[in-house]
Amino acid sequence: QVQLVESGGGLVQPGGSLRLSCAAAPSIFSTYAMGWYRQAPGKQRELVALIDSRSVTYYADSVKGRFTINRDNAKNTVNLQMNSLKPDDTAVYYCNAFKGPTNYWGQGTQVTVSS
């Protein structure tokens, strides 16, 4: 059973913007912390941003001031607005939901920043 469905990746020029969305099953969205991770070729998966059930947020230093994570409670969706994109932001982005020892992952969506 698919719990997380991502959308919104693509190709964008440096300095451009993209918005990623992650639709979650209602039973997960209401009580789980949600986050976005990314993995570039040859690198480990890293945390980009997360938001808990109270909408408290955390951002990796590399994206602070450029990325914004938010929850749309009406749509059970977590969004990642990415502005001022750089080539270093190129990666597969994964949605994650976690509570205690339980983790769910989305299938990943490719973001490529290139001229």
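The values are calculated or read from the model by the stated rules, or taken from the named source; none is laboratory data. Here the structure is a predicted model, which means the values were calculated and not measured. Heads up: the accessible areas ignore ligands, DNA and RNA and are worked out on the full protein's heavy atoms, side chains in. Shrake-Rupley method; radii C 1.70, N 1.55, O 1.52, S 1.80 Å.
Distance from the Cα centroid of region 56-96 to that of region 14-37 is 8 Å (rounded to whole angstrom). Under the rule a/c < 1.5 gives rounded, and otherwise a/b versus b/c splits prolate from oblate, where does region 67-114 land using the Cα gyration tensor? Oblate, because a/c is 1.5 or more while a/b does not exceed b/c. Using C-alpha pairs under 8 Å with a sequence gap of at least 6, the mean separation divided by the residue count of the chain gives a relative contact order of 36 percent. K99 contributes an accessible area of around 100 Å² to the protein surface, as traced by a 1.4 Å probe with all chains present. Rolling a 1.4 Å probe across all protein chains gives Y59 an accessible area of roughly 40 Å². Shape class of region 11-107 from the Cα gyration tensor (axes a ≥ b ≥ c, square roots of the eigenvalues): prolate, since a/c reaches 1.5 or more and a/b is larger than b/c.
Solvent-accessible surface of the chain, taken per residue with a 1.4 Å probe and all protein chains present: 53 Å². The fraction of accessible area contributed by carbon and sulfur in the chain is 48 percent, rounded to a whole number (1.4 Å probe; ligands and nucleic acids excluded).
Using only the Cα atoms of region 27-70, build the gyration tensor, take square roots of its eigenvalues as a ≥ b ≥ c, and label the shape rounded, prolate or oblate: rounded if a/c is under 1.5, else prolate if a/b is larger than b/c, else oblate. Here region 27-70 falls in the oblate category.
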